[in-house]
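The values are calculated or read from the model by the stated rules, or taken from the named source; none is laboratory data. Because the structure is a prediction, the values reported are computed rather than measured. Every residue, glycine as well, gets a Cβ built from its backbone with ideal geometry; the counts of neighbours run over all protein chains shown.
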């Protein structure tokens, strides 16, 4: 078991590569993916929440990447676990801003050490290649906070990258013009609505059906919403569900319009603009460090 005391991002990246397993010079996670370009337009409510330049109201060019969390290069899109959408806001004259989000509404662990422990639990037996249900049972016994994430989802396979909701599972601080700070999680809501496929039927589709399907669904639109923290929410716990019904504030609209080569983007959950503050939970910092270590491993 990796503990918080002995956790290091570099060693953990190498251990993840063994557990997943990941081929040399490939992404540890989210290796099956498709990149797109588009533009984001903020609404007036966004500028009231934060002074960040991306919320000022003008068009902001973006590069995004859809992906499956556990899908390797030789797998099937129906079997990639939860899906991801990472978006880079690239406003001319400003530092780039990254927003990483998943179809899971919350995360299953609170730290990088616990994340490594989770991947060890779900990794197949190295001798037989079979799942290890006793390892997962042991993990959930020791990590009851994983229950919300593990119970999430409809049981359906993804029908399309653009018909799913994506959640940035950390709470970010939003600084208004008067200096006040509000804590919120960010979410992408698809304008086409939410759809899924029967897993057996999806398994009969081409292995890369999500990537093949994407171009014909463009342009695609997502609303960006801030899920504002309310009294009783565990604001700085990325494993905790917040109040339902949520207190949502629409911040803008994303239009994705063109598939591009899946070039070597290096998203970072802590690549934030002035006007937003970093999450206070341990997981956000650990994810940032693991992403950087994984990238160094990929390009060395």
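Across the stretch 56-67, a minimum of one residue is classified as under 29 Å from residue 140 (Cα atoms), touching a strand residue (DSSP E or B) at 6+ places or on another chain (Cβ under 9 Å) and not in a helix (DSSP H, G or I). Checking the stretch 203-221 against the condition returns a match, with at least one residue being out of contact with any helix residue (DSSP H, G or I) (no Cβ under 6 Å at 6 or more places or on another chain) and in a strand (DSSP E or B).
Scan 149, 73, 101, 78 and give me the residue that is under 20 Å from the mean Cα position of the chain (by Cα) and at pLDDT 95 or above. Matching residue, one of 149, 73, 101, 78: 101.
Any chance the stretch 165-176 includes a residue that's surrounded by 13 or more Cβ atoms within 10 Å (Cβ to Cβ) and over 30 Å from residue 51 (Cβ atoms)? Scanning the stretch 165-176 turns up no residue that is surrounded by 13 or more Cβ atoms within 10 Å (Cβ to Cβ) and over 30 Å from residue 51 (Cβ atoms). Within the option set 187, 94, being farther than 18 Å from residue 285 by Cβ and out of contact with any helix residue (DSSP H, G or I) (no Cβ under 9 Å at 6 or more places or on another chain) holds for one residue only, 187. Working carefully through the options 197, 156, 241, 186, find the one that is at pLDDT 95 or above and touching a strand residue (DSSP E or B) at 6+ places or on another chain (Cβ under 6 Å). After applying the criteria, what remains is 186. Determine the pairs where a residue that is on the phi > 0 side of the Ramachandran plot and touching a residue at least 24 places away in the same chain (Cβ under 8 Å), located within the stretch 268-283, has a partner that is in a loop (DSSP other than H, G, I, E, B) and buried (at least 20 other Cβ atoms within 10 Å of the Cβ) with Cβ atoms under 9 Å apart, the partner being 6 or more residues away or on another chain. Partner pairs satisfying both residue conditions: 275/50; 275/52. Starting from the stretch 198-218, keep only residues that are on the phi < 0 side of the Ramachandran plot and loosely packed, with under 12 Cβ neighbours inside 10 Å, then list their pairs with residues that are at pLDDT below 90 and assigned to a helix (DSSP H, G or I) whose Cβ atoms are within a distance under 8 Å, requiring at least 6 positions of separation or different chains. Final answer for the pair search is none. Considered as a group, the residues in the stretch 108-146 that are touching a helix residue (DSSP H, G or I) at 6+ places or on another chain (Cβ under 6 Å) and in a loop (DSSP other than H, G, I, E, B) include one that is surrounded by the fewest Cβ atoms within 10 Å (Cβ to Cβ), and that residue is 123. Of the residues in the stretch 251-258, at least one is in contact with a helix residue (DSSP H, G or I) (Cβ under 7 Å, 6 or more places away or on another chain), farther than 15 Å from residue 167 by Cβ and at pLDDT 95 or above. When residues of the stretch 40-70 are filtered for being modelled with pLDDT under 90 and either farther than 19 Å from residue 269 by Cα or in contact with a helix residue (DSSP H, G or I) (Cβ under 9 Å, 6 or more places away or on another chain) (or both), how many remain? Number of matching residues: 3.
Of the residues making up the stretch 150-181, those that are assigned to a strand (DSSP E or B) and either closer than 22 Å to residue 40 by Cα or without any contact (Cβ under 8 Å) to a residue 24 or more places away in the chain (or both) are 166, 167, 168, 169, 170, 171, 172, 173, 174, 175.
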